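The structure under discussion appears below in the form of structure tokens.
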Amino acid sequence: MEYKKRIIDNELDLKLEAFGATLIVGPKGCGKTTSAKQKAKSYVEFQDEEQRENLLAVAEAAPSKLLIGDKPRLFDEWQDAPKLWGAIRKSVDDLGENGLYILTGSSSKEVATPHTGTLRISKLKMYPMSLYESEESNGSVSLSELFDHPENFDGCISELSVDGLIFAVCRGGWPHSLSNKTDRAKLEVAKDLYRQTYSTDISNIDNTKRNPRWAQEILRSYSRNLCTLAESNTIFGDVKSNFDISQNTFYDYVQALEKLYIIEDIDAWCPAIRSKTAIRSSKKRNLIDPSIAVAAMGLSPQYFNTDFKTLGFLFESLCVRDLKIYSSAFDGDMCYYRDRYGLEADGVLRLNDGRYALIEFKLGAKQIEEGAKHLLEIERLIGQYNQKEKQCPLRLPDLKIVITGTEYGYRRPDGVFVIPIGCLKD
């Protein structure tokens, strides 16, 4: 199968330029090894059964021998040979060069290392594929270009139909699914990942036996509360109503799912534009990819023909995933804003230079007006706050965007951009 270029490719180039070694982390099945192989000039695969026993013996007795080879040298499933970490760290120090090694491995196994690898081995996080990477977004609107030159935006048209969007939500951004021939086979990938997570990976992550049914119920509750401000006690209560699980055990399971890069909550943006007591600062519940939620709830694309409310939350999760990927090249950070008066911005995308965008995710055209009003009201409150706090003013939003599942994108007279998710790229 032909390699589909990933946005992380350029980030990996930068890491190799800046550090001696790079560790690519992320959920199982997101394409870490495949992308690493595009950059590596030689590699060692510990999952090669014909070589595995010999490689592991060398890694245990003399790990530095495995470092011999053209650079960058890739070690796939490096956790199977944990002594490699120290050997790579020492090699980087001894050689004093960058771009020597790449490490990838299953996120379902955590390894304790004697040294952190700080300033020698840098981490790079990888997500499933965005709609642009899977070629379902036409990429006619560049997020970075929109920040730099918003005046150049003159509208856009998405070719992604509602049915196509629903299927993308259910299938997810898992590279293996794209190579499958039938829709049924493509949907099966996320289902299998979900099953492997609760049945196997949650125990393997730190060699702690965990109850698959408890893990399954936590993922189901998370999925039902996707992109909401559900408290941890609410999710715990869901699980507790069906199983005799303690609160400490519940939090242990959640932490394990975070280590697997399955759970990835969204932090709150908390500027004091109203009284601090009015701001909701709890995390918004989210998963690394909406397809996991679809699998956990046991739904199919056909289900969403009659349930657009649930689809709306899944659409938001997909948009958050894509924006994290698109903004990763310029250190973007996704959060949200909501206060007890009901004023919200589904997303606040902050860049490392201080610029930021207020974003609402609205699946259909009828919701665009409501989303735009929220964004304009937040901007008005920031301006009002700056009138009182002139010594420490807050930056006004650089962009106000309503991201939709619709066909047409345009700029409203009030300055709010309406952009279909099927047009965005980095």
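The values are calculated or read from the model by the stated rules, or taken from the named source; none is laboratory data. What you see is a predicted model; the values in this text were computed from it and never measured. Positions of Cβ are generated from backbone atoms using ideal geometry, with glycine treated the same way; all protein chains shown enter the neighbour counts. Just the protein is used for accessible areas: all its heavy atoms, side chains included, with ligands, DNA and RNA removed. Shrake-Rupley method; radii C 1.70, N 1.55, O 1.52, S 1.80 Å.
So the values come out like this:
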item	result
Solvent-accessible area, 1.4 Å probe, carbon plus sulfur percent, for the stretch 221-368	46 percent
Percent of beta bridges antiparallel (DSSP, the chain, rounded to nearest 5)	35 percent
Percent RCO, i.e. relative contact order, over the stretch 1-149, from Cα pairs under 8 Å lying at least 6 residues apart	37 percent
Area of Tyr410 that stays accessible when all protein chains are in place (1.4 Å probe, Å², to 10)	90 Å²
Per residue accessible area of the chain, 1.4 Å probe, in Å²	46 Å²
Between the stretch 104-148 and the stretch 264-325, the Cα center-to-center distance that results, in Å	20 Å
Debye-sum result for the chain in log10 I(q)/I(0), which assumes one identical scatterer on each alpha carbon, at q = 0.08 Å⁻¹	-0.48
Karplus (6.51, -1.76, 1.60) ³J(HN,Hα), θ = phi - 60°, over the stretch 421-426, in Hz, Gly and Pro reported as x	4, x, 10, 7, 8, 6
Orphan Cys of the chain, criterion: no other Cys C-beta under 4.7 Å	Cys30, Cys170, Cys227, Cys270, Cys319, Cys335, Cys392
Local electrostatic count, Gly298, Cβ distance below 10 Å [Lys/Arg +1, Asp/Glu -1]	+2
Cα gyration tensor of the stretch 1-76 - equivalent ellipsoid semi-axes, whole Å, descending	24, 16, 11
Rel. contact order, % - alpha carbon contacts under 8 angstrom, at least six apart, the chain	17 percent
Hits among lysines - C-alpha to C-alpha of Lys90 under 25 Å, sequence gap 8 or more where chains match	Lys15, Lys32, Lys37, Lys39, Lys41, Lys65, Lys71, Lys109, Lys123, Lys125
Where only C-alpha atoms are counted, convex hull volume of the stretch 146-286 per residue in Å³	196 Å³
By average C-beta atoms within 10 angstrom, highest first, the peptides 57-70, 81-94, 174-187, 280-293	280-293, 81-94, 174-187, 57-70
Cα convex hull of the stretch 180-219, projected area averaged across orientations, nm²	3.1 nm²
Size of the stretch 112-226 as Cα extents on the principal axes (Å, biggest first)	55, 44, 30
For the stretch 320-426, the Rg and Dmax computed from alpha carbons only, in angstrom	13.9, 44
Normalised contact order of the stretch 79-207, rounded percent, pairs of Cα under 8 Å and 6 or more residues apart	27 percent
Using a Förster distance of 35 Å, the FRET efficiency for Gln38-Glu151 (Cβ separation, nearest 0.05)	0.45
Over 17 Å [Cα-Cα, the stretch 3-147], rounded percent	62 percent
Residue-count net charge about Lys41 - beta-carbon cut-off 12 Å; Lys, Arg +1, Asp, Glu -1	+3
Residue-count net charge about Tyr356 - beta-carbon cut-off 15 Å; Lys, Arg +1, Asp, Glu -1	-4
For Leu74, distant residues with modelled amide H under 5 Å away	Lys41, Ser42, Tyr43, Val44, Ile102
Computed helical MRE - 222 nm, the chain, DSSP H runs ≥ 4 contributing -39500 (n - 2.57), nearest 500	-11500 deg cm²/dmol
